[in-house]
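Encoded as structure tokens, the structure appears first; notes follow it.
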Amino acid sequence: MEVTNRYTTIKTHIDAAPKESDFELMTAPLVLSLEPGSADIIVKNLYVSIDPYQLNRMKTYSPTHTLSDYSLRITPAQAIEAYGVAKVVVSGNPEFEKGELVVGLIEWGEYSLIKSGGIISKLDPMGFPLSHHVGILGLTSGLTAYAGFFEICKPKKGEKVFVSAASGAVGNLVGQYAKLLGCYVVGCAGTKEKVALLKEKLGFDDAFNYKEENDLKSTLKRYFPEGIDIYYDNVGGEMQEAAVANMNRFGRVAVCGVISEYTDDGKRAAPDMLDIVYRRIRIQGFLAADHINVYADFMSTTCDHIRSGKILALEDISDGVESIPSAFVGLFRGHNIGKKIVRIAEE
């Protein structure tokens, strides 16, 4: 049997803010069978993750291309790998059977051919919506939030925590974890609606719209008169500089992403190194893959919190492979609230 596989790719490399016109929907025939002896599997994609870091992979050049297997350069017309949930339709691998659900690296398309050794595993939904396993229980959002906060920042009850891009896929979870631990938490976002959500729905102690602030250092001084102990950084740039200027001695900064710098090199800024030295501040970048060792703890803790209603899963879901370009572009325009996901097909 042969099907037509539709997938989203880039027309050319993207070296500025992405536009929907940078992408195209391509088609290719896919035979739903495998050669004898093959250990590959073919899956029907159900949900795919939409993540800002993918933009670096789409550039003509980015230092990230050579620093991680997860950030290799994408070639125009190439199918784009992404984290997601899928169902096995053909299997030559004895570890996977037709009809089983899997989670891992699939593609921004309707089907994916997963080579033997691909980053994929069986999925037990555990009673949760499949979308949760792309977002709050997934690697690129859930584990990133959990590991960055607990493993990098080493928080203690009562500490003062600042989260940038706090209504985004990672930031909203960091804030919720911090509140459950007993920290004082302030987040920033880009609209008054998002600010209200942080305070009224997610339980942040306070929040502000960074677009309404002219002096970020003074703003953070106002919200943290006694200083910041932990800064979870999703944006980089001037916000990082302002946060470090307001940090307490032995403060910790987990650098998850620098989205403000992905589309504009001019947004780069640097904290005062004297602040870092004399306040003994630790700044550490990380990838979720560095912390697979805490995956079981992350899943157990987070599943318990979801079931008890202590953590809310924020999801922003679009439908159809053709919606991927607008979903991705929207990340850089502040359109999403929570985890951006595209539902490719119903289970």
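Ligands, DNA and RNA left out, the 1.4 Å accessible surface of the range 107-217 is 49% carbon and sulfur atoms.
Taking every alpha-carbon pair under 8 Å whose residues sit at least 6 apart, the chain reaches a relative contact order of 18 percent. Of the trypsin sites (Lys or Arg not before Pro) found in the range 1-62, the ones in coil according to DSSP and having at most 14 other Cβ atoms within 10 Å of their Cβ are Lys11, Lys19. GNM on the chain, C-alpha springs below 10 Å: top fluctuator among Tyr223, Tyr231, Tyr146? Its mean-square fluctuation being the largest, the pick is Tyr223.
In this rough spin-label picture, where each label sits 7 Å from Cα along the Cβ direction, the Thr4-Arg268 distance is 4.5 nm. So what's the projected area for the chain, the Cα convex hull averaged over all directions, in nm²? Over all viewing directions, the chain projects a mean Cα-hull area of 17.3 nm². Selection among Ala165, Thr66, Leu101 by position relative to the dipole of the chain gives Ala165 as farthest towards the positive end (Cβ unit charges, Cα centre). Taking all protein chains into account, the per residue accessible area for the chain stands at 45 Å² (1.4 Å probe).
Here's the list of aspartates and glutamates a cross-link from Lys211 could span, going by alpha-carbon distance under 18 Å and ignoring same-chain residues fewer than 8 apart: Glu193, Asp233, Glu238, Glu241, Glu261, Asp264. Overall, the chain carries a charge dipole of about 1000 debye about its Cα centre when +1 sits on the Cβ of Lys and Arg and -1 on the Cβ of Asp and Glu, all other atoms neutral.
Loop-located trypsin sites (Lys or Arg not before Pro) in the range 309-341 (DSSP state other than H, G, I, E, B) with a sparse environment of at most 16 neighbouring Cβ atoms within 10 Å: Lys310, Arg333.
Each stretch of four or more DSSP H residues adds -39500 (n - 2.57); spread over every residue of the chain, this sum gives -6000 deg cm²/dmol at 222 nm. Dipole check for the range 1-125: with +1 at the C-beta of Lys and Arg, -1 at the C-beta of Asp and Glu, and the Cα centre as origin, the magnitude is about 200 Debye. What the Cα convex hull of the range 204-314 gives, in volume per residue, is 149 Å³. Most fluctuating residue of Ser62, Ser326, Ser38 in a GNM of the chain with Cα springs under 10 Å: which is it? Result: Ser38 has the largest fluctuation of those listed.
When the Cα convex hull of the range 1-72 is projected onto planes of every orientation, the mean area is 6.7 nm².
With just the Cα atoms defining each centre, how far is the range 14-29 from the range 57-88? Give it in Å. Taking the Cα centre of the range 57-88 as reference, the centre of the range 14-29 is 14 Å away.
What is the diffusion coefficient of the range 141-289 in µm²/s, taking the Kirkwood radius over Cα pairs and the Stokes-Einstein relation at 4 °C with a viscosity of 1.567 mPa s? My calculation gives 87 µm²/s for D.
All other residues whose Cβ lies under 15 angstrom from that of Tyr83 are scored, Lys and Arg at +1 and Asp and Glu at -1, for a net of -1. Rounded to two decimals, the Cα radius of gyration of the range 278-347 over 2.2 N^0.38 Å is 1.53. Using 0.36 nm per residue and subtracting the Cα-Cα separation, the extra length available between Val31 and Glu95 on full extension is 20.9 nm. Comparing Gly285, Asn45, Gly142 along the charge dipole axis of the chain, the residue lying farthest to the positive side is Gly285, per the Cβ-charge model. The mean sequence distance of close C-alpha pairs (under 8 Å, at least 6 residues apart), as a share of the length of the range 257-347, puts its relative contact order at 22 percent.
The values are calculated or read from the model by the stated rules, or taken from the named source; none is laboratory data. Source: prediction; values computed, not measured. Cβ coordinates were reconstructed from backbone atoms using ideal geometry, including for glycine residues, and neighbour counts include every protein chain displayed. When the accessible area is computed, the model is the full protein with side chains, heavy atoms only, and any ligands, DNA or RNA have been set aside. Shrake-Rupley method; radii C 1.70, N 1.55, O 1.52, S 1.80 Å.
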